Amino acid sequence: ILREALSKRGVRVITGLGKYFRQVDKNRNGFLSQADFKEALKVFHLEIPEGDFESLWLILDDGKTDKVDYGEFTCAIFGEMNEYRKAFVRKAYMKLDFNKTGSVPMVDIRKCYCAK
């Protein structure tokens, strides 16, 4: 149900939802509580009947932690990236990982990326 509602609303709602999730995630751990998740859906007018919300929550909270990982949420909604996109991301990451350490410090990202 949520996937259908999001597909009708477009990319702006999805990116706005992501921005909202990051704002709500005060401790920056990548997780949302059930109350925060429900509030986010209301803010973006993605009304879901309570029974459907409970079913969705059970699917998203597979670890039974009473929290949802934002990354898992987006994967559940959008599915896995296709091979073309994965190759593109790998190529970009290889350019960012100057020292081939397997991690990219923010300072290295700033050297390569300009949001203008």
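The values are calculated or read from the model by the stated rules, or taken from the named source; none is laboratory data. All figures in this text were calculated on a predicted structure; none of them were measured in a lab. Note: ideal-geometry Cβ built from the backbone for every residue, glycine included; neighbour counts use all protein chains shown. Surface areas here come from the heavy atoms of the whole protein model, side chains and all, with no ligands, DNA or RNA. Shrake-Rupley method; radii C 1.70, N 1.55, O 1.52, S 1.80 Å.
Looking only at the range 77-116, residues that are free of Cβ contacts under 8 Å to residues at least 40 places away in the same chain, surrounded by 10 or more Cβ atoms within 10 Å (Cβ to Cβ) and among the aliphatic types (A, V, I, L, M) come to 8 in all.
Only one entry of 69, 61 meets the criterion of being more than 19 Å from residue 14 (Cβ to Cβ) and open to solvent by less than 50 Å² (accessible area, probe 1.4 Å), and that entry is 61. Only a single item in (1) assigned by the TED database to the domain that holds residue 12; (2) in a helix (DSSP H, G or I) is not met by residue 62, and it is number (2).
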